[in-house]
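Trainee: What follows is a single structure, and I will ask about it in a moment.
Nothing in this text is a laboratory measurement; each read-out follows from the coordinates by a stated rule. Worth saying up front: this structure is predicted, and the values here are computed from it rather than measured. Glycine gets a Cβ as well: all are built from the backbone with ideal geometry, and neighbour counts include every protein chain shown.
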Amino acid sequence: MNERELRGALRAAATVSEDDADGAAARERSWRVVRAAYAGCAPRSRRRRWAAIVAGVALLPVAVGGAGAATTHGHDVGRWVRSVFGAGKPALVHVPGGGRLLVTGGDGVWAVSPDASRRRLGAYSGASWSPRGLFVVAWRANVLTALEPGGGERWSLSRPQAIANARWAPGDGFRVAYVAGDGLRIVNGDGTGDRPYATTQRAVAPAWRPKGIHVLAYADAGSRVAVDAVDASRPLWRSAPLPGLTQLEWSPAGGRLLAVAGRRLVLLDGASGRRLASRVLPAGAVAEDAAWAPHGSAVAIVRRRAGGDSSEVVLLDAANGLRSRVLFTAPGHLSALSWSPGGGRLLVGWPAVDEWLFLRPGDRGQPSAVSNIARQFMPGADRPRFPGAVAWCCTAAGSG
């Protein structure tokens with residue numbers, strides 16, 4: 001089977017939309033096509049086989065339209081695609097699209113420079129960037145620490161409760177919000193003035209509004225989205241309860257706020273809390289991560305399909321009622337979703353094959369991949385663990 005035949009067969013196999021009840025049949029047809037392509041290309045040279053098969057794989061998320069590829073045979077596809085995508089890129093040698101990465105996982109937090117040089121900042125359980133990437137705020141157990149990207153410590157504080165989900169305010173960087181136990185706390189950017197602010201839900205990270213004067217969104221004790229002017233301790237608005245709330249994401253200019261609550265995606269007006277749009281995912285599916293592009297109205301989510309045997313990267317258009325299109329489908333779990341600073345690339349982790357994929361949402365171009373990710377962030381470990389989160393610095397504010 002040559003490349004032209006493979007493309008034609010994939011288009012013929014994919015005849016359903018992402019929510020079609022016959023998606024399982026389309027997945028099976030696509031698996032048969034890909035398996036035949038692999039068998040047909042096996043005798044060729046490695047370079048020609050790679051080109052032909054990857055062309056087919058790159059078509060899958062577009063042609064199948066989200067029906068998913070080979071979910072019944074997920075482990076087989078995972079092993080096969082790992083050998084294909086991993087060829088020629090066994091290590092991260094530069095950050096595609098530029099910028100710096102803050103990687104959490106393995107045995108701590110790492111800062112990655114554009115040339116892919118890596119520095120371990122310490123055995124922290126989580127971290128996030130300050131504005132413009134000048135500093136990092138990291139946490140472990142009941143200790144919160146501000147660091148320079150080179151590893152030098154600027155300040156540290158401790159609380160009786162376990163600390164999680166610290167976020168540095170954009171713009172002037174004068175405030176840091178973090179969670180201690182079930183309490184939301186605010187500390188000044190220089191480590192002074194630590195104070196309690198509100199009761200919150202520990203699993204939901206607070207989110208500062210871009211271009212706002214210390215305006216913060218958080219999940220209150222009643223599962224509502226709360227938006228406050230923090231310096232004045234003044235509530236601006238509260239949403240209706242959203243059970244299962246897991247994530248809050250502001251648009252680049254702070255005009256809209258996306259709330260993720262299990263199967264529900266709710267778009268709220270940033271100034272009033274008025275509901276602008278809502279989308280319910282297909283039965284059994286759940287949104288596991290979301291990231292708003294640094295410019296415009298595109299939001300990427302990782303969607304785990306019913307049964308949990310495959311995941312998708314889905315693009316939502318916040319300017320058109322959260323209209324969606326599937327960008328990439330893979331067996332197993334996808335994680336570590338993050339946009340490049342310019343918005344031209346989208347990083348997604350694929351733990352099952354130990355790879356980072358760098359997708360091109362704008363032109364649906366062929367993704368590039370980097371293999372052996374776990375070992376690069378746990379060197380020397382017998383059983384290295386795949387990183388759990390990546391923050392890409394520094395995202396410039398745009399429209400929205």
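Trainee: Only Cα pairs under 8 Å and at least 6 apart count here; give the relative contact order of region 148-211 as a rounded whole percent. Provide the component values of the computation, followed by the final result.
Mentor: Working: 110 pairs, mean separation 18.8, N = 64.
Across region 148-211, relative contact order equals 29 percent.
Trainee: Once a ≥ b ≥ c are taken as the square roots of the eigenvalues of the Cα gyration tensor of region 245-355, is the result rounded (a/c under 1.5), prolate (a/b larger than b/c) or oblate (a/b not larger than b/c)? Let's see the in-between values first.
Mentor: Details: a/c = 2.20, a/b = 1.38, b/c = 1.59.
Taking the square roots of the gyration eigenvalues as a ≥ b ≥ c, region 245-355 is oblate.
Trainee: A further question follows. What is region 357-396 by shape, rounded, prolate or oblate, if you read a ≥ b ≥ c off the alpha carbon gyration tensor as root eigenvalues and call it rounded for a/c under 1.5, prolate for a/b larger than b/c, and oblate otherwise?
Mentor: On the way: a/c = 3.87, a/b = 1.78, b/c = 2.18.
Oblate shape, in that a/c is at least 1.5 and b/c is the bigger or equal ratio.
Trainee: Where Lys and Arg each count +1 and Asp and Glu each count -1, what net charge lies around Gly122 among other residues with Cβ under 14 Å from its Cβ? Don't skip to the answer; put the middle values down first.
Mentor: On the way: positive: Arg118, Arg119, Arg120, Arg140, Arg154; negative: Asp107, Glu148, Glu153.
Once positives and negatives cancel, what remains is +2.
Trainee: How large is ³J(HN,Hα), in whole Hz, for each residue of region 173-178 in order, when computed from phi with the Karplus curve 6.51 cos²θ - 1.76 cosθ + 1.60 and θ = phi - 60°, using x for Gly and Pro?
Mentor: Each residue of region 173-178 in turn: x, 7, 9, 10, 9, 8 Hz.
Trainee: Can you tell me how region 214-309 classifies by the Cα gyration tensor, rounded, prolate or oblate, using a/c under 1.5 as the rounded cut? Write out the running numbers ahead of the final one.
Mentor: Details: a/c = 2.30, a/b = 1.59, b/c = 1.44.
Verdict is prolate for region 214-309.
Trainee: Please compute the net charge surrounding Gln161, taking Lys and Arg as +1 and Asp and Glu as -1 over other residues with Cβ under 14 Å from its Cβ.
Mentor: On the way: positive: Arg140, Arg159, Arg185, Arg202; negative: Asp182, Asp194.
Result for the local shell: +2.
Trainee: With θ set to phi - 60° and the Karplus curve 6.51 cos²θ - 1.76 cosθ + 1.60, what are the ³J(HN,Hα) couplings of region 330-336 in order, to the nearest whole Hz, using x for Gly and Pro?
Mentor: 3J(HN,Hα) across region 330-336, in whole Hz: 8, x, x, 9, 10, 8, 6.
Trainee: Still on this structure, please answer the following. Could you tally the net charge around Gly108, taking each other residue with its Cβ under 12 Å from the Cβ of Gly108, Lys/Arg +1 and Asp/Glu -1? Could you put the intermediate results ahead of the total?
Mentor: Numbers: positive: Arg118, Arg119, Arg120, Arg140, Arg385; negative: Asp107.
Local net charge: +4.
Trainee: Over region 274-373, what is the relative contact order in whole percent, taking alpha-carbon pairs under 8 Å and six or more residues apart? Let's see the in-between values first.
Mentor: Values: 216 pairs, mean separation 17.6, N = 100.
It rounds to 18 percent for region 274-373.
Trainee: Additional query: If you project the alpha carbons of region 171-267 onto their three principal axes, what span does each projection cover, largest first, in Å?
Mentor: In descending order, the Cα extents are 39, 30, 19 Å.
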